[in-house]
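All remarks here apply to the structure that follows.
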Amino acid sequence: MPEPKRHKVVLYNPTAVFFTMPLALVTIGSHLDPERYEVVIIDGRLEKDPLAALAPHLDGALCFGVTVLTGAPIQDAVTVTRKVAARHPDLPVVWGGWHPSMFGKECLDEPAVHITVQGQGEVTFAELCDHLAEGHRVQHQGIEGIEGIPGLTYRDPTGQILVNPPRPFNDMNDFARHNYELIEVPRYYGLKGKKQLDYISSEGCPYRCAFCADPFVYQRKWAGLDPDRMADEIEGLWQRYRFDDINFQDETFFTYPKRVEAFADQLIARQIPTTWAATMRADQGTRMDDDLFAKLKRSGLRRVLIGVESGSQEMMDRIKKDIKLEQVFTSAERCARHGVAVNFPFIVGFPEEPEESLQATLDVVKRLRSMSPDFETPIFYFRPYPGSAITQDAVAQGHQLPCTLDEWSDFDFVDSKGPWVTPDKFRKVERFKYYQRIAYQRPNGWTRPLQKLARWRCDRDNYALPVEKVVSDWLFPREALS
Ligand code: B12
Ligand code: SF4
């Protein structure tokens, strides 16, 4: 008996500046029944000519799905989608991911997009593919008959835009295993310059930070994979792909210390020779004692990312971080003691941020940097990413967000310091970023005199006449931009 023909589902990851594996497409692709569907993932970041790479797969495909983040990736998503839709006018086009989760209706202002998916995509997309497999194609830039599928917004053939009810949050353990064969893992190693696997072990986040879109998109729900399943999957992946490091892309990996400990026990017992890195909140770090930190280190933990955001407790409370500064220092001490590197990102320039708050942030940065040369403290300027409570307040007070997809695709570049940072503040922060980077780095022969000078400046908060910075910006212009 000839095998029944499988429906081809073509998924696209737009171009971006980093080479994290396209986990969203891997998860939704893995959840489709492989007996019925053939999934093709094309990553615009890997292809010289993404359209040429897509072309052989689109004739007769069941649908074309694109994952879309707010900002620069929208530009490529729009360009590629328009060209695909122009060549294949009856091919259903589905957008999912963070931007369509927040702007499901607005994305449909683009006639080349027919359906948008909000929130978790695994089950919604599988149900949608089952519906399309019954033979539904695009008619008059719309799709019919999908009113019964929760979690999506669509245009029907009369041109009406319809919003289906939201899909209840699903436990990730009910989803199919991640099938990394859908992507060419070694090509990502090449582009990253290291054998590092990206992996997602949880979806959503239970916290409520007012600058973040997660509480809006996931409604403070969280689900994490069972540690046995994670270990099984990771062991299988290690046997196949021989990575040296795993980069967990979870929003908050350390939500439950027991889950993390069970996972570390498994890594140790199975002797999987890999290091790993993940995101931790400072309060979570304080709930994990020294024995657990020691075990995590033994299992390969090399680095955590702990968002501090502000050195001012008042500001932290305003942004609903639900973290005390003491918790930041307690977690930092534990990491330093156990040789775990930390990236502590900060944000300055929140709307109406008081002057003292900036100085408090610089003081906390200095204190953290002096605790370990393995601590990094990048400082970002607040950008009103949509979906967050602060952005909603700013809009209520007259701040204008972009309206069209084309405007959203420029969002990252427009006045990158934001309207809430005065030129004086910007100058101070930029100079501070330069000097703190040098002042606290691991001592290094020929830069020692410069380091001493930078430390002297940081100790006194004296960044006037930054001759060293001007010279090095001139000598190393790329570094100056980073
Ligand atoms: C990896 C990553 C990146 C990678 C993107 C890799 C890629 N695919 O190209 C890079 C480094 C490029 C990146 C960049 C940025 N990122 Co980023 N990133 C992430 C991170 C850590 C993981 C994404 C991921 O793989 N998740 C795992 C998958 C399974 O979940 P998911 O993406 O949500 O996908 C699910 C659904 O959304 C849906 N879905 C997604 N795509 C599709 C497509 C279809 C067709 C369907 C049906 C469904 C669907 O189904 C999936 C399964 O449920 C997330 C945080 C997180 N944990 O999600 C932040 C996150 C997405 N990034 C964020 C931000 C702010 C940024 C940056 C501004 C930089 C920054 N400050 O981090 C830039 C913005 C983009 C730009 N201008 O370049 C925000 C949200 C941004 C937004 N509004 O779009 C997040 C949520 C972090 C946060 N809490 O603030 N990022
Ligand atoms: S910033 Fe992190 S902890 Fe806070 S809501 Fe967003 S994902 Fe959760």
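What FRET efficiency do you get for E38 and C403 if R0 is 51 Å and r is their Cβ-Cβ distance, rounded to the nearest 0.05?
0.85
Can you give me the solvent accessible area of K295 with a 1.4 Å probe, rounded to the nearest 10 Å²?
Here the residue's solvent-accessible area equals roughly 40 Å².
Are there cysteines in the chain with no second cysteine's Cβ under 4.7 Å away, and if so, which?
C63, C107, C129, C205, C335, C403, C458
Scaled to the compact-protein estimate 2.2 N^0.38 Å, what is the alpha-carbon radius of gyration of region 289-341, rounded to two decimal places?
Against the empirical 2.2 N^0.38 Å value, I get 1.29 for region 289-341.
For region 312-357, what % of the accessible area comes from carbon and sulfur atoms, probe 1.4 Å?
48 percent
Residues with beta-carbon under 13 Å from that of Q271, excluding Q271: net charge, scoring Lys, Arg +1 and Asp, Glu -1?
Counting the neighbours of Q271, the net charge comes to 0.
Just from the alpha-carbon atoms, what are the Rg and Dmax of the chain in angstroms?
Reported Rg and Dmax, both Å: 23.8, 81.
Taking K469 as the anchor, which aspartates and glutamates have their alpha carbon closer than 12 Å to its alpha carbon, excluding any fewer than eight residues away along the same chain?
Within the straight-line limit of under 12 Å, K469 reaches these aspartates and glutamates: E430, E479.
In straight Cα distance, which lysines are under 19 Å from K320, not counting same-chain residues fewer than 8 positions off?
Correct list for K320: K221.
Among the lysines, select those whose C-alpha is under 22 Å from the C-alpha of K105, and discard any that sit fewer than 8 residues away in the same chain.
Cross-link targets: K83.
What pairs in K321/K425; K192/K417; K258/K297; K194/K366; K192/K428 have C-alpha atoms more than 21 Å from each other?
K321/K425; K192/K417; K194/K366; K192/K428
Please calculate how many Å² of accessible area the chain carries per residue, with a 1.4 Å probe and no DNA, RNA or ligand atoms counted.
46 Å²
Please compute the alpha carbon radius of gyration of region 179-230, then divide it by the globular-protein estimate 2.2 N^0.38 Å. Two decimals is fine.
Cα-based Rg divided by the globular estimate yields 1.54.
Using only alpha carbon pairs under 8 Å that are at least six residues apart, calculate the relative contact order of region 1-116 and give it in whole percent.
Once divided by the residue count of region 1-116, the mean separation gives 27 percent.
What is the Cα centroid distance between region 433-474 and region 88-161, reported in whole angstrom?
53 Å
The values are calculated or read from the model by the stated rules, or taken from the named source; none is laboratory data. Fair warning: this is a prediction, and the values are worked out from it, not measured in the lab. When we count neighbours, we look across all protein chains shown, and the Cβ atoms used for this are built from the backbone with ideal geometry, even at glycine. Keep in mind that these areas ignore ligands, DNA and RNA; they rest on the heavy atoms of the full protein, side chains included. Shrake-Rupley method; radii C 1.70, N 1.55, O 1.52, S 1.80 Å.
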